[in-house]
Amino acid sequence: MRIPQRTHLCGDLRRSDHGQSAVLHGWVETTRDHGGIIFLMLRDRAGKIQVVVNPETSEEMAQTAKKIGHEWVITVTGTVALRDEQHINPELNTGDIEIVAETVEILNESKPLPFLIPEPESASEEVRLKYRYLDLRTRKLQQNLAIRNRAYQCVRSALVDHGFYEIETPFLMKSTPEGARDFLVPSRLHKGRFYALPQSPQTYKQLLMISGFDRYFQIVKCFRDEDLRADRQPEFTQIDLEMSFVNEEEVMEIAEVLTVVLYSNLVEVALERPFRKLTYQEAICRYGMDKPDLRFEMPIYTVTDILGDSEFRVFQSVYKRGGVIGALCLPDADLSRKDIDRLTEEVKPVRAQGVAFMKAASDGVEGGISKFFAEQEIADLLREIQPEPGDLLLFIADQPEIAYPALGKLREYLGQTQGLIDNNAVVPVWVVNFPMFEFNDEENRWEAMHHPFTAPLPKDLPNLSDNTAEVRARAYDLVINGQEVAGGSIRNYQLATQERIFDLLGIGRKERMEKFGFLLEALEYGAPPHGGIAFGFDRIVALLSGTESIRNVIAFPKTTSALSLMDGAPSEVDAGQLRELGLQIVQNSSGSD
Ligand code: ASP
């Protein structure tokens, strides 16, 4: 049949349209027969509107309407009418109007559904992922993808306004592992050889700077074959950008501008610039992690010098072994003994032994471990922390690499459970000067904390070989409400520095030429100083949509075990396909590699 031309989207109609004729297409969400008069809730991308089918207008039309089931696709022509006062539905944008139908035509039927669109919670997540195209009809996912759509447009226009070129880079590239495992694609034409799917366009964007494009961006898929982790996707989207002739400040400024534009255009939140900055060291010592949630303050106080030499054995022995004593001050706390014991459970997974406490009182401290300390020690402690009477002081003492993360975890847990977080707040913070390297104990070698193309701080260059752990990187992460939304760095644009980094990482001459030879060679042909950043696009859209999981902002996501429940990927392929690629499957009895 010929589809009549639509005049409006269902959800766009308003009171001011009353009296107008309308041709609407959509899905019937619910039907109701009210003494022969049939009410259909018609839905399209913009929302839903009630359609009234009166047999007095046409008996035949009413008979058609009676047959309609959930999610049938129909076309309606009719007139926009005001609803009676008592029938107004304040929950709907179109709740004070309805369509008085003149014709109703069925365009397509639907089988009984695995779940009803207005009640997706009635189905398990597996069922919803299998029928993702139905789940995508739900209001929440429609809204999330609408925000995502606006985010793409916003990013493009903001970056183009700032002189960026959008340039695509290949998906079939050379395997140049950046940290995670590559997804490999076998070549049919060159048997035994493989392309890799990019973990990010890192090397390409650097090459584009060497080519003179000055400012590049791309909204791009990245692929990482990582082990299962909650809220990770094997393919995800980045807003990737790179700039020539810049320092950290210019890259961070653009990233701030982009963040401000996204928040103001999409959710009408005005973020103040410049964003707060913390060094990595400050972030760890003050908040116990490199992605602190600063919607609440509650910092960690390092009180090793005050309480380390006290009578309290536990603190004393940690102090003697070069450990630290850190404290948190939970305002006006009303925690039972059981609640406090529960805190120890929280920090056990990060290897901390326990949480000690005392309570601030009007004349000092009381309870918990307070009795172990001398007057002077308590006086110094109170001067440092300045608690109010009724505040709870919590302590963890251990080696720094255990104590700070444990305090960070405790801080996060208390923030979430003690109502310290204003859920409407949006608090961005930069974390800068990350360590350049971290030691991989298992493999007994240094690894780049960001990636090997990151430049070290010039003043730390002399430490490169002798004091490797102390070398800081010109790297920066943007954290919003405790989530890392972007990360980037200034790069090594001079071959000599890049070579030194590879030396340190134990990437020998042969290996580096094999893997990165093209980039190293390019650095010798007039590479400009350059740097960039990449935003996790899914993550920022999730934040903007007010949803926890990035799965809720990706049209067709995979499960945490990297499966697509809808189409069954990954799937076996037939022997002919394998033969063409020159591949053979070796069954491993243990099922692992
Ligand atoms: N390529 C980096 C990443 O994906 C980002 C960057 O350094 O620009 O993490």
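Each reported figure results from applying straightforward, stated rules to the coordinates on display, with no laboratory input. Since this is a predicted model, take the numbers as computed values, not measurements. Quick reminder, even Gly has a Cβ in these numbers, built from the backbone with ideal geometry, and neighbours come from all protein chains shown.
Charging the Cβ of each Asp and Glu at -1 and of each Lys and Arg at +1, and nothing else, the dipole of region 40-192 about its Cα centre rounds to 1080 debye.
From the alpha carbon centroid of region 20-74 to that of region 108-187 is 31 Å. The label-point distance for S561 and D422, in a model that sets each label 7 Å from Cα toward Cβ, rounds to 4.4 nm. Model label sites at E253 and A379, defined 7 Å from Cα along the beta-carbon direction, differ in position by 5.1 nm. Nearest 10 degrees is fine. How inclined is helix 139-161 to the longest principal axis of the chain, computing both from alpha carbons? Between helix and principal axis, roughly 60 degrees. Here the extension length gained between D161 and N265 equals 35.9 nm, from 0.36 nm per residue of separation less the Cα-Cα distance. With K and R counted +1 and D and E -1, the other residues having a Cβ less than 13 Å from that of I106 yield a net charge of -2. Ranked by how many other Cβ atoms sit within 10 Å of their own Cβ, fewest first, the residues R188, R383, R150 fall in the order R383, R188, R150. Relative to the longest principal axis of the Cα atoms of the chain, helix 248-267 runs at roughly 30 degrees. Rg and Dmax of region 437-545, based on Cα coordinates, read 15.7, 47 Å. For the listed peptides 286-293, 351-358, a ranking on the average number of other beta carbons within 10 Å per residue, highest first, reads 286-293, 351-358.
Across the options H8, Q142, Q63, the greatest Cα extent toward the positive end of the charge dipole of region 1-146 (unit charges at beta carbon of Lys, Arg, Asp, Glu) belongs to Q142.
Label positions at R500 and Q399, each projected 7 Å from the Cα along the C-beta direction, are separated by 3.0 nm. Arrange K66, K338 by Cβ neighbour counts within 10 Å, fewest through most, would you? Ordered by Cβ neighbours within 10 Å, fewest first: K338, K66.
One decimal place: the segment S16-Q386 gains 127.2 nm when fully extended, by the rule 0.36 nm per residue minus the C-alpha distance.
For F312, neighbours were defined as the other residues whose beta-carbon sits under 15 Å from its Cβ, and their charges (Lys and Arg +1, Asp and Glu -1) total -3. The simple Förster model, with R0 at 35 Å and r as the Cβ-Cβ distance, assigns Y525 and K191 a FRET efficiency of 0.60. Residues E56, E166, E256, ranked from the fewest to the most other C-beta atoms within 10 Å, line up as E56, E166, E256.
Once the Cβ-Cβ distance of L9 and L172 is raised to the sixth power relative to R0 = 30 Å, the FRET efficiency obtained is 0.15. Here, the chain has an Rg and a Dmax of 30.0, 92 Å when only alpha carbons are counted. Taken over region 134-278, the ratio of Cα radius of gyration to 2.2 N^0.38 Å equals 1.22. Computed packing ranks the peptides 193-200, 67-74 as 193-200, 67-74, most packed first, by mean other Cβ atoms within 10 Å. For region 16-125, just say rounded, prolate or oblate: build the C-alpha gyration tensor, square-root its eigenvalues into a ≥ b ≥ c, call rounded for a/c under 1.5, and beyond that prolate if a/b exceeds b/c, oblate if not. Cα axes put region 16-125 in the oblate bin. Comparing G576, S545, Q587 along the charge dipole axis of region 536-587, the residue lying farthest to the positive side is S545, per the Cβ-charge model.
Inter-part distance, region 531-552 to region 307-352, computed on C-alpha centroids, equals 35 Å. Projecting the alpha carbon convex hull of region 259-359 along each direction and taking the average yields 9.4 nm².
Extension gain for L113 to A146 (0.36 nm times residue separation, less C-alpha to C-alpha distance): 9.5 nm. On the basis of the beta-carbon distance and an R0 of 51 Å, R229 and T77 show a calculated FRET efficiency of 0.50. Between 0 and 90 degrees, the angle of helix 375-385 with respect to the longest Cα principal axis of the chain falls at about 40 degrees. Distant-in-sequence amide contacts of E102, defined by a placed amide H-H separation under 5 Å and a gap of 5 or more residues or a different chain, comprise T77, G78, T79.
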